[in-house]
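*Asks:* To start, I am sharing the structure in question, which I have written as structure tokens.
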Amino acid sequence: MRVLLLGSGGREHALAWKMVQSPELEKLYVAPGNAGTAGIAENVNISVTDFEAIAAFVVEKDIQMVVVGPEDPLVEGIRDFLQCDVRFKDLMIVGPGKDGAILEGSKDFAKQFMKRHGIPTAAYMTVTPENVAAGQEFLATLRPPYVLKADGLAAGKGVLILQDLKEAQRELESMLGGKFGKASSRVVIEEFLHGIEISVFAVTDGKDYKILGSAKDYKRIGEGDTGLNTGGMGAVSPVPFADEAFNRKVEEKIIRPTVEGLKKDGIDYRGFIFFGLMNDNGGPAVIEYNVRMGDPETEVVMPRLKTDLVQLFRAVATGCLADTAFALDERYCTTVMLVAGGYPGSYEKGNVISGFEKVEDSIVFHAGTKLAEGQIVTNGGRVMAVSSFGHKMEEALQRSYCNVAKITFKDMNYRRDIGQDLLSGC
Ligand code: AMP
Ligand code: GLY
């Protein structure tokens, strides 16, 4: 099988790392990739949203499968673009079309979808410039904190959580006035959900699904969940408090109704679904859907997958998931993200990374790295993820941190407390 994977983060290195273990894989290209994917596949200098160039490359290399990593090309319709071309009638595509990707592309759509299909989620109201006054009134009926979300994609920055009603009402106007550009021309106001956040991942072929497990990521830059939000500073999988009873509830109340809801709505969804959940005392509710894998969650979910990923993707793309064997490693996997000093604010690029060749018993997934004159240098805020297994979570964390200590680059930063909040009893 000749496969083209779109993306350039730690997520894509982890997907590539798993795919190259498949005897079915003949050749893997990654566009645009990073220094990690360059070591195990061939990088191609094409942007993930340059659909014409992607199509030309698929023709040139006779690609049989396209796997889409990030959300932007999905929301912009890469699947629809390729599928409407007669030359690609046999091309396998992993990732939903525009009609499915809107689950992530529009918070209002996602909320309507959940309401329609009885999926637990926070109460909400969608506000446009035409009904601001009603929005202000709705805010006044809620208890603080107040949650305001830009409807569209806003690079992970479109959610405001505010303590003060007057401030929330002002921010509502400012968002509708263009604070996040077009993304906030509609705003979803939500009731605040209390509890602990957890993510659950699944793949579906539009009819059946396989659950890839749960994960918790650590979004803030500082230890003890302090400071600015980042793309993710580390992750663990599975999450110890996600016991059998909780997982059953998630499957019965959320995953199955979502897959069935997509089917009922006539959406032929083939790809990943990332369920961002709040666990309120054992009762899960959906905070958000993403139509891709998480990063750094993929760096702990993929290592635990025992199934051949190319076979799994073939089943997703061709609608044969029900007949596909599927297994996960029972062990814990943890990852610690190494980031550039200054991230998530401004940071330097181009610093030489050294020491990762000394890593033992961990997997190093590259995120923001590139090759420059034979050396691997930093090329983004999140630089590398160090993933490890352990029968106990503590053992996995110890391995990750022991190997993190061997890696250096100028102003390297990382959180020292990944997984610490989950350690009792595991
Ligand atoms: P989202 O982009 O929708 O995942 O929101 C970003 C973050 O805001 C989430 O990861 C939560 O930490 C928080 N959040 C979003 N919606 C809610 C809610 N209704 N209640 C509590 N926290 C929320
Ligand atoms: N780590 C969170 C995300 O990928 O959205």
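What follows draws every value from the coordinates through simple rules; no lab data is involved. Computed from a predicted model, the values in this text were never measured in an experiment. Cβ sites come from the backbone with ideal geometry, for glycine too, and all protein chains shown count toward neighbours.
*Asks:* Could you sort the peptides 188-195, 311-318, 242-249 by per-residue average Cβ neighbour count (10 Å cutoff), highest mean leading?
*Replies:* So the peptides 188-195, 311-318, 242-249, ranked by packing, come out 311-318, 188-195, 242-249.
*Asks:* Now a separate question. Using label points projected 7 Å from each Cα along Cα→Cβ, tell me how many nm separate Glu52 and Arg87, to one decimal.
*Replies:* With each label placed 7 Å out from Cα toward Cβ, I get 1.3 nm.
*Asks:* Another question about this same structure. What are the residues whose amide H is under 5 Å from the amide H of Ile273, where those residues sit 5 or more places off or on another chain and H is modelled from the backbone?
*Replies:* Here the answer is Ala202, Val203, Thr204, since their amide H atoms fall under 5 Å of that of Ile273.
*Asks:* With +1 on the Cβ of every Lys and Arg and -1 on the Cβ of every Asp and Glu, and nothing else charged, how large is the dipole of the chain about its Cα centre, in debye rounded to the nearest 20?
*Replies:* Roughly 100 debye for the chain.
*Asks:* Between Asp164 and Lys61, what FRET efficiency comes out of the Förster formula 1/(1 + (r/R0)^6) with R0 = 45 Å and r the beta carbon distance, rounded to 0.05?
*Replies:* 0.20
*Asks:* Placing +1 on the Cβ of each Lys and Arg and -1 on the Cβ of each Asp and Glu in region 1-144, which of Val127, Ser8, Leu74 has its Cα farthest towards the positive end of the resulting dipole?
*Replies:* Val127
*Asks:* How much mean residue ellipticity at 222 nm does the chain get from its helices, if each DSSP H run of length 4 or more adds -39500 (n - 2.57) and you divide by all residues, to the nearest 500 deg cm²/dmol?
*Replies:* Helix-only estimate at 222 nm: -7500 deg cm²/dmol.
*Asks:* Right, something else. Going by a ≥ b ≥ c, the root eigenvalues of the Cα gyration tensor, does region 123-163 fall in the rounded group (a/c under 1.5), the prolate group (a/b larger than b/c) or the oblate group?
*Replies:* Oblate, because a/c is 1.5 or more while a/b does not exceed b/c.
*Asks:* Determine, from the Cβ-Cβ distance of Asp268 and His117 and an R0 of 22 Å, the FRET efficiency 1/(1 + (r/R0)^6), rounded to the nearest 0.05.
*Replies:* 0.85
*Asks:* Could you tell me whether region 161-282 comes out rounded, prolate or oblate from its Cα gyration tensor? Rule is a ≥ b ≥ c as square roots of the eigenvalues, rounded for a/c under 1.5, then prolate if a/b exceeds b/c, otherwise oblate.
*Replies:* Oblate.
*Asks:* Under 24 Å from the Cα of Lys166, which lysines turn up, not counting those fewer than eight places away in the same chain?
*Replies:* Answer for Lys166, where 24 Å is the Cα cut-off: Lys107, Lys149, Lys157, Lys179, Lys182, listed by chain and number.
*Asks:* At 0.36 nm per residue, minus the direct Cα-Cα distance, what do Arg2 and Lys207 gain on full extension? Give it in nm, one decimal, please.
*Replies:* Between Arg2 and Lys207, full extension yields an extra 71.3 nm.
*Asks:* For region 297-426, how many pairs of lysine residues have a Cα-Cα distance under 27 Å, where the two are 8 or more positions apart or belong to different chains?
*Replies:* 13
*Asks:* Enumerate by residue number the GluC sites (Glu not before Pro) in region 345-426 meeting two conditions: DSSP loop (anything except H, G, I, E, B), and at most 10 other Cβ atoms within 10 Å of the site's Cβ.
*Replies:* Here the GluC sites (Glu not before Pro) that fit, given the DSSP loop and packing criteria, are Glu360, Glu373.
*Asks:* May I pose another question? Return P(r) of region 1-128 (all Cα-Cα pairs; 10 Å bins starting at 0; whole %; ordered from short to long distances).
*Replies:* 12, 38, 28, 15, 6, 0
*Asks:* Rounding to the nearest 20 debye, state how big the charge dipole of region 294-426 is about its Cα centre with +1 on each Lys and Arg Cβ and -1 on each Asp and Glu Cβ.
*Replies:* 220 debye
*Asks:* On full extension of the chain, what length is gained from Asp417 through Ala140, given 0.36 nm per residue of separation minus the C-alpha to C-alpha distance?
*Replies:* Length difference between fully extended and current span is 95.9 nm.
*Asks:* Starting from the amide H of Leu305, placed 1.01 Å from N in the peptide plane, find each other amide H under 5 Å away whose residue is 5 or more places distant or on another chain.
*Replies:* Amide H neighbours of Leu305: Asp329.
*Asks:* Quick one: 3J(HN,Hα) in Hz for region 203-210, Karplus 6.51/-1.76/1.60 with θ = phi - 60°, rounded, Gly and Pro as x.
*Replies:* Using θ = phi - 60°, the values come out as 10, 9, 9, x, 10, 10, 8, 10 Hz.
*Asks:* Would you please give the residues with an amide H less than 5 Å from that of Ile376, counting only those at least 5 places away or on a separate chain, with H modeled from the backbone geometry?
*Replies:* Residues meeting the amide H criterion: Ile353.
*Asks:* Taking a spot 7 Å from the Cα of Glu130 along the direction of its beta carbon, which residues of region 74-115 have an amide N less than 20 Å from it?
*Replies:* Taking a point 7 Å out along Cα→Cβ of Glu130, the residues of region 74-115 whose backbone N falls under 20 Å are 106-113.
*Asks:* Here's another thing I want to ask about it. In a GNM of the chain with a 10 Å cut-off on Cα contacts, which of Met19, Met125, Met302 has the highest mean-square fluctuation?
*Replies:* Looking only at Met19, Met125, Met302, the biggest GNM fluctuation is shown by Met125.
*Asks:* Please work out the FRET efficiency for the pair Thr408 and Glu373, using the Cβ-Cβ distance as r and a Förster radius of 22 Å; give the result to the nearest 0.05.
*Replies:* E between Thr408 and Glu373, to the nearest 0.05, is 0.70.
*Asks:* Something else now. Can you order the peptides 94-100, 37-43 by their average number of other Cβ atoms within 10 Å per residue, highest first?
*Replies:* Most protected by this proxy first, the peptides run 94-100, 37-43.
*Asks:* If you place +1 on the Cβ of every Lys and Arg and -1 on the Cβ of every Asp and Glu, how big does the dipole about the Cα centre of region 67-182 come out, in debye to the nearest 20?
*Replies:* Roughly 200 debye for region 67-182.
*Asks:* Using the basic label-point model (7 angstrom from Cα toward the beta carbon), what is the Asp280 to Glu42 distance in nanometres?
*Replies:* Distance between label points: 5.3 nm.
*Asks:* Using only the Cα atoms of the chain, what semi-axes does the equivalent ellipsoid have when each is the square root of 5 times a gyration tensor eigenvalue? Give whole Å, largest first.
*Replies:* In descending order, the three semi-axes are 32, 27, 22 Å.
*Asks:* With a 10 Å radius around each residue's Cβ, average the other Cβ atoms per peptide and rank 127-136, 198-207, highest first.
*Replies:* 198-207, 127-136
*Asks:* Same structure again: Tell me, what HN-Hα J-couplings in whole Hz come from the Karplus equation 6.51 cos²θ - 1.76 cosθ + 1.60 at θ = phi - 60° for each residue of region 23-31, using x for Gly and Pro?
*Replies:* x, 6, 7, 9, 7, 10, 10, 10, 10
*Asks:* Additional query: Among rounded, prolate and oblate, which fits region 177-231 when a ≥ b ≥ c are the square roots of the eigenvalues of its C-alpha gyration tensor, a/c under 1.5 means rounded, and a/b larger than b/c means prolate?
*Replies:* Because a/c hits 1.5 or more and a/b fails to exceed b/c, region 177-231 counts as oblate.
*Asks:* Next question, about the same structure. Could you give the nm distance between label points at Ser174 and Thr226, where each point is 7 Å from its Cα heading toward the beta carbon?
*Replies:* 2.5 nm
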